[in-house]
Amino acid sequence: MKNGWVYVSLALLACACHRVNDLSDEAFVEHFTVTSLQPEDARLGEVFIEPGKIRVELLPREGLFPVTFRVTAKVSPTTDDVLNFPGEFRFETSNAVETFHLIAASGVPHAYEVSLKPLDTGADILDVTLPSGENATVAVDPWQGTVSISADHPHFPYTITPTITLSPGATASSRDTSITFTHVDEVKYLTVSAGDESTTRSWKFSIEGAVQLPNADFEQWTGTGTSININPTPGKVWGTANNYIIQGTTPVEHAGGMAAEMTTKIQTVPLLGHKLIAAGTLYTGYFTLGFNFENPRSMTFFGVPHTRAIASVAFDVQYVAGPQMQQSVKSGTKYVVEAIPGVDQGEAWVEVLHWNGSGKLEYHGTPVAGLTVLGRGSVLLDGADESLRTWKNIVMPVTYTDETLAPTHLVIVFSSSREGDRFKGADGSKLTVDNVILLY
Amino acid sequence: MTKTGYALLASLFVGSVPGAAQPLVNAVTPLVTVGLQVGTDIGGAIPFPLKYLPAIYNPYPHLNLSLGGTVGTAIVRSWSLYAGVVYKTISINADARVKNQKFQDKESVQYFTGSAYMQQRFTLLEMPLYAMYHFDNGHDRVLGGLYYARTLEGIFHIEPRKGFIASRPDTFEAEIPADMEVMRFDSSLDTWNAGLLVGYERQLFTRVCIGLRVSCGFKDIFKRHNAYFDYSMLHARGSVVLSYDLAHFPLKACRVR
């Protein structure tokens, strides 16, 4: 209290100087300079600063990772605070991302992702394209020096005739325009030399048949307690709706490893006091926590890139419904939970998508301009079916309604309560899933 | 019961607002005065300790008419004692820029940083009891005392408009949406309050006085055991009052019944 008048004076002064409504919503990074780098012999290129994104150019080489660096950064005068800015940026892999937030004067947060961008070695393969009609996709990894060809149903010997774009002035060791694989495990190499012959890289070409989703055996998780979540890092494939308020999807032991257990719970919305039925979910895509608890699907972003058509999805599953079916209904200004008749049902569904809209796909399970659902399949897991209380393997076929367009994304969703997004379910319903396999 | 006691008891039945205009300084015998008062209040509930005042705070006070009456009696030379009843509405809205504003409910703790719009409105039946000192010039007076207030209606809303929340201070976990729901704390407001008041009055004309008062609650506006915030919210307000001396009697007149 001894400083009370000081605080009052400062508050009055602040009142006189600033209008809350005039505070800027903008905050951005003006400069971002790397001041020290490990390994010390790593070669640094430029730093590219875009809104929400900073890419640091590094020259790829063997044994480069982990890469760590310290930076000095300057932010806009409209920035009030910088949160989660690490003292040292550390990248274990080439696709790792570090995130920090700038807080504008008004309080609006702006996320910034820091990632690495490969610097052209002068002996790089910049792009590989296949002739139209070739039922395959190509991924070039300049960090590893690899070219991965993912073919739908490759018949061996399998020959492709790609158009390869090299670094300016670079030359390739082979002038052959086609590459033939005699079997799925065969690897081909192409040596690329820089125009001044200062650098030479050996590029590895490989072919993949039936591509599986990373971490589809749900062995990899991150965090503990309220931060537990499935590890999305290997390919950024799997997501859950776990957040610091509720953790509906957790690892459980199964068959000597881990499985993903989704549990329907009653969630109390902080401060607003709503009691909402919240189903545990696991899906391909990602989750962004927001305050729209009344429309949980708005926080889920379904779909990951996948360019091959699948015939079905197989998985191991167990389902036990909670004892009492319930529904959240509005009573006055608050949602409360009421018992309703019935037995809870879990659900699994799959969609093969074609996305030709602009920008990144934002799909919440409802129609989006530029998005075509090519095929769909679903399985209902009825809590009344006692055979589901022990593990069984289920194959979920995909029925295609459009086979003219090429797949771009794949959605696989598991939910412990089928109508969870309508606040219906039974507290305690558990859906446990393991070993998801894509069948082509 | 003493004469003064009877006078105070009578004042409870009559009801009034602080600050009757009748100059009592020259009273030779104890008098009971009955006054009417109108006024307006500026203020609301503020965080205590004061270090929790938002860094940037733009208040938009609403002026509402208060009505009431007082009963006073001279007690010793230059001193008189007053009691009253005032019906008043204190209303203020504000834009505030807050940082790591803690909200705690039964199941979680959250810290909000950003811009928020706040609405407070309290309709009170305030019952002040205060002593007044009359300066020898016959026009100026100062007063000090206590008040007790019943909250007839209370509104305390916070609408976060921009910013983010997290489970720990100085971290980011989720941005609040543009259509964030208003947080309503009405049901957590307590039904009573009490505090201190001080003021100054000046006689403008015979029977008419104008006064300035400052009052500060010493009880949190929320019910006990709430833990929404790290701090208490206390009433603090300034009042401008215009009082009219309706009547004054020798004390005997009040003792008839």
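Read the figures in this text as sums done on the coordinates, not as results from a lab. Everything quoted here is computed from the prediction, not taken from an experiment. Don't worry about glycine lacking a Cβ; one is built from the backbone with ideal geometry, like all the others, and counts go over all protein chains shown.
So the values come out like this:
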| quantity | calculated |
| --- | --- |
| Per-residue mean of C-beta atoms belonging to partner chains within 10 Å, peptide A:240-246 | 3 |
| Ellipticity estimate at 222 nm from DSSP helix runs (n ≥ 4, -39,500 (n - 2.57)) divided over the protein assembly as shown, nearest 500 | -1500 deg cm²/dmol |
| Average partner coverage of A:101-111, which counts Cβ from other chains inside 10 Å | 6 |
| Kirkwood Rh and Cα Rg combined as Rg/Rh, the protein assembly as shown | 1.16 |
| Karplus (6.51, -1.76, 1.60) ³J(HN,Hα), θ = phi - 60°, over segment A:213-223, in Hz, Gly and Pro reported as x | 6, x, 6, 6, 9, 6, 8, 9, 10, 10, x |
| Hypothetical label at A:THR333: residues of segment B:152-195 whose amide nitrogen lies under 15 Å (7 Å Cα-Cβ projection) | B:153-160, B:180-190 |
| Trypsin sites (Lys or Arg not before Pro) lying in DSSP loop within segment A:137-208, provided at most 11 other Cβ fall within 10 Å | A:ARG175 |
| Share of Cα-Cα pairs in segment A:221-439 lying beyond 29 Å, as whole percent | 25 percent |
| Estimated inter-spin distance, A:ASP382 and B:TRP79, nm [label 7 Å along Cα→Cβ] | 8.7 nm |
| A:VAL373 versus A:TYR400: modelled label distance in nm, points set 7 Å from Cα along the beta carbon direction | 1.8 nm |
| Inter-part distance where segment A:100-124 and segment A:71-88 are each reduced to a Cα centre, Å | 12 Å |
| Förster radius 56 Å - calculated FRET efficiency between A:TRP391 and B:GLN104, Cβ distance, rounded to 0.05 | 0.85 |
| Per residue convex hull volume, Cα atoms of segment A:4-118, in Å³ | 110 Å³ |
| Hits among aspartates and glutamates - C-alpha to C-alpha of B:LYS162 under 13 Å, sequence gap 8 or more where chains match | A:ASP22, A:ASP25, A:GLU26, B:ASP95, B:GLU175, B:ASP179, B:GLU181 |
| Sequence ranges A:247-254, A:384-391, B:181-188, ranked by mean other-Cβ count within 10 angstrom, highest first | A:247-254, B:181-188, A:384-391 |
| Shielding of A:83-92 by partner chains, average beta-carbon count, 10 Å | 1 |
| Theoretical FRET efficiency, 1/(1+(r/R0)^6), r = Cβ-Cβ of A:THR33 and A:THR182, R0 60 Å, to 0.05 | 0.75 |
| 20 Å cut-off, amide nitrogen to a point 7 angstrom out along A:ASN356 Cα→Cβ, residues in segment A:301-323 | A:304-310 |
| Within straight-line cross-link reach of A:LYS188, lysines at Cα separation under 20 Å, skipping those fewer than 8 residues along the same chain | A:LYS204 |
| Using distinct alpha-carbon pairs, which all enter the 1/r mean, Kirkwood radius of segment A:142-262 in Å | 18.0 Å |
| Net charge of neighbours whose Cβ lies under 15 Å from the Cβ of B:SER66, counting Lys and Arg as +1 and Asp and Glu as -1 | +2 |
| At R0 = 51 Å, FRET efficiency that the Cβ-Cβ distance of A:ALA111 and B:PHE249 yields, to 0.05 | 0.10 |
